[in-house]
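Report on one structure; see the data block that follows.
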Amino acid sequence: MRKFVCSLILAGVLASGAGSVFAAENPLLDTIDNLYGVPYKTAGTTTKGFDCSGFTQYVFQALDVEIPHSSASQYELGTAVSKDELQPGDLVFFNTNGHSISHVGIYIGDNMFAHSETGKGVTKTSLNDPYYWSKRYVGAKRVAIPALEKAKEDSKEKTEN
């Protein structure tokens, strides 16, 4: 009986959040995860439908960072980042019209980026896709996301303690 009661107490402590030291919190990925499947909509900026830059603007706004609603305008922000130094949260840009920056997504790690694609809506795709995206990749920019930096610091502190 005593072991059973101790097990119940331990289960309650873990369920109440004391075990959350093992859970990595990432406000960027949490925000994006809730948007997969939202349909594509030209000029869309809400969860009823996004275009590519409306999606990135929405995600950044959810993390308290204001960016414009245009992939070309977003390309003017931040600091250029080489493809081999990408970090989750970096904006990745593409030339899909043959003339200029015309598509944007958010790097999420493991050579994957999240974006709102015509015909698919919010999805994730490999940067190395040999048929389409890798051929149209232009570059990436890093825009400071304080909430993401804080989450990284908090996670580092938890692992050190």
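Go through region 127-142 residue by residue and tally those that are out of contact with any Phe, Trp or Tyr (no Cβ under 7 Å at 6 or more places or on another chain) and either assigned to a strand (DSSP E or B) or open to solvent by less than 50 Å² (accessible area, probe 1.4 Å) (or both).
Of the residues in that region, 3 qualify.
Tally time: how many residues in region 85-126 are on the phi > 0 side of the Ramachandran plot, part of a loop (DSSP other than H, G, I, E, B) and of a type outside the set (Asp, Glu)?
Result for region 85-126: 4.
State all residues of region 74-112 that are free of Cβ contacts under 8 Å to residues at least 12 places away in the same chain and within 19 Å of Lys41 (Cα to Cα); if no residue qualifies, say none.
Across region 74-112, the qualifying residue is only Asn97.
If you check Glu160 against the conditions, is it under 21 Å from Glu25 (Cα atoms) and open to solvent by 50 Å² or more (accessible area, probe 1.4 Å)?
Yes.
For residues that are among the hydrophobic types (A, V, I, L, M, F, W, C) and open to solvent by 50 Å² or more (accessible area, probe 1.4 Å), scanning just region 78-124, find the one that is nearest to Ile32 (Cα to Cα).
So the residue we want is Met112.
Of everything in region 143-157, what is at pLDDT below 95 and either under 20 Å from Ile32 (Cα atoms) or open to solvent by less than 80 Å² (accessible area, probe 1.4 Å) (or both)? Give them in sequence order.
Ala144, Ile145, Pro146, Ala147, Leu148, Glu149, Lys150, Ala151, Lys152, Asp154, Ser155
Here are Ser100, Ser126: which of them is small (Gly, Ala, Ser), modelled with pLDDT of 95 or more and farther than 24 Å from Ala62 by Cβ?
Ser126
The values are calculated or read from the model by the stated rules, or taken from the named source; none is laboratory data. Since we're looking at a predicted model, the values are computed, not measured. Glycine also receives a Cβ, built like all others from the backbone with ideal geometry; neighbour counts cover every protein chain displayed. Note: areas computed on protein heavy atoms with side chains; ligands, DNA, RNA excluded. Shrake-Rupley method; radii C 1.70, N 1.55, O 1.52, S 1.80 Å.
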